[in-house]
1. Tell me, in nm to one decimal, what length is gained between residue 27 and residue 103 on full extension, where the rule is 0.36 nm per residue of separation less the Cα-Cα distance?
2. With only alpha-carbon atoms counted, please give the Rg and Dmax of segment 1-95, in Å.
3. Given Cβ point charges of +1 (Lys, Arg) and -1 (Asp, Glu) and nothing else, what value in debye, to the nearest 20, does the dipole of the chain about its Cα centre take?
4. Putting +1 on Lys and Arg Cβ atoms and -1 on Asp and Glu Cβ atoms, find which of 56, 84, 110 reaches farthest to the positive end of the dipole of the chain.
5. Test of understanding: express the Cα radius of gyration of the chain as a ratio to 2.2 N^0.38 Å, with N the residue count.
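Each value in this text was obtained by applying a stated rule to the coordinates, not by laboratory testing. Everything numeric in this text was worked out from a predicted model, so none of it was measured. Because the Cβ atoms are built from the backbone with ideal geometry, glycine has one as well, and the counts that use them run over all protein chains shown.
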Amino acid sequence: MGLLKSNFMPNQYVQSVFEIDIQQLAETGVKGIITDLDNTLVGWDVAEPTEEIKRWFQSLQEADITVTIVSNNHEERVASFARALNVDYIFKARKPMGKSFKKAVHQMGLKPEEVVVIGDQMLTDVFGGNRNHLYTIMVVPIKSTDGMMTKCNRIIERRLLHHFKNRGYIKWEE
């Protein structure tokens, strides 16, 4: 049971990236963020960064926090979004496999304890981040619609959340 919790339980759970206290992250030594794209930063069907996301990325830059977008999506989708924000990216990341997380940490020139992973999926973002000893923040998905694979993941995710809630591990409201 400890293995289930250590692999799939995020360190923090928020409604959106805008609820993350950037100053607190910086004060605790966070120098880098690995973030998912679809349904984490914008809806999966939104092509360009919103003005609100642009301001959020600007506040990260002002706090000297480097960002790398790590997505399982294809290059064209991830590259055009990341370029609009002037940040690095990794596409077809095959999350939760560890290579993309390690590559992002290495590209940022940081240590794992200086990096936070932000994402909307327990089975890809949280699991991948936890397996690589990174602090994980899970956000509520922006859109309620998903692709077929993500729909399957969401079913498992709901069961895990229910299990964690029944065990008293979860201190937030879903």
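1. Working: separation 76, 0.36 × 76 = 27.36 nm, distance 2.46 nm.
So the extension gain works out to 24.9 nm.
2. Using the Cα atoms of segment 1-95, the pair Rg, Dmax is 14.0, 42 Å.
3. Working: 22 positive and 22 negative charges, 186 e Å.
Taking the Cα centre of the chain as origin, the dipole is about 900 debye.
4. It is 110.
5. Numbers: Rg = 15.0 Å, N = 174, 2.2 N^0.38 = 15.6 Å.
The reported ratio for this selection is 0.96.
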